[in-house]
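Bear in mind that the values in this text are calculations on the coordinates, not laboratory data. Owing to the predicted nature of the structure, the values given are computational and were not obtained by experimental measurement. For neighbour counting, all protein chains shown are included, and Cβ atoms are generated from backbone atoms with ideal geometry for every residue, glycine included.
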Ligand SMILES: [Zn+2]
């Protein structure tokens, strides 16, 4: 069967194991049912900017063309750096109404383990999605705030003790950080600055997440589809936003956001 369309991030549904869907044009592909089968992906050399919806040969960053990356609220500074949020002050970065909707809602700071323990920020209603997208095996909320800015300030402090990046190679290699996550969550309270400690959540429950991916002991190489390049092989597993092929090649679907890909499955 065939499908073609702009790449969206994979949809992960919290089941055991996580059920993964790819929206491709008019089709929704259930990727778990393709594991063990041959999958072919080819870049068409065309991409659609998620902000202006115009077509380009290539996008700049975050699924946007260069102009939109620097001007659209979909790529505003606070998306990658929550501490730069200004909507709580009524100050516009790119579009205040959009920023108010996005920033002025409950956020959480969490610890997640995907090869190593990292700290992150997300909207309260996005926690499971965020953890699944990152391929986290375990995660726990350590603070809840009323807006994005406050959560960002806590994250900045905790970055002195925990990475804020997922190490995708460790994650896909099934490396495990042996530390007890609930104990680490309690310990993290000591790292909060005094004026932010009121947001600490002492009763966070560890969420375990099981992905549809057996032990992957291959030498991993990451594939990026550009121009007219393609990848074909047996789909081995699914974790986060990655498809893992049986020969060790992996592809991060989210990093192809907006690119029109052709799928044969
Ligand atoms: Zn654009």
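The table for this structure:
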read-out: Computed over region 1-40, Cα set: Rg, Dmax in Å; value: 10.5, 29
read-out: Per-selection metrics, region 71-208 (Cα): Rg and Dmax in Å; value: 14.9, 44
read-out: Sum of -39500 (n - 2.57) over DSSP H runs of 4+, divided by residues of the chain (222 nm, nearest 500); value: -4500 deg cm²/dmol
read-out: Radius of gyration and Dmax over the Cα atoms of region 183-226, both given in Å; value: 18.8, 48
read-out: Mean projection area, nm², convex hull over Cα of region 170-265; value: 9.3 nm²
read-out: Cα shape, region 27-103, gyration tensor, a/c 1.5 rule; value: prolate
read-out: Stretchable slack from residue 146 to residue 165, in nm (0.36 nm times residue separation minus alpha-carbon distance); value: 4.5 nm
read-out: Residues of region 1-44 with amide N under 19 Å of a point placed 7 Å along Cα→Cβ from residue 80; value: 9
read-out: Square roots of 5 times each gyration tensor eigenvalue, C-alpha, region 1-130, largest first, Å; value: 30, 23, 12
read-out: Centroid-to-centroid separation of region 210-265 and region 125-198 [C-alpha atoms, Å]; value: 26 Å
read-out: Pairwise centroid distance, computed over Cα atoms, of region 1-47 with region 58-79, Å; value: 24 Å
read-out: Stokes-Einstein diffusion coefficient of the chain, Kirkwood radius over Cα pairs, 10 °C, 1.306 mPa s, in µm²/s; value: 81 µm²/s
read-out: Length gained when the stretch residue 27-residue 104 is fully extended (0.36 nm per residue, less Cα-Cα span); value: 24.3 nm
read-out: Cβ crowding within 10 Å averaged over residues, with 92-102, 42-52 ranked highest first; value: 42-52, 92-102
read-out: Contour minus Cα-Cα distance for residue 40 and residue 54 (0.36 nm per residue); value: 2.4 nm
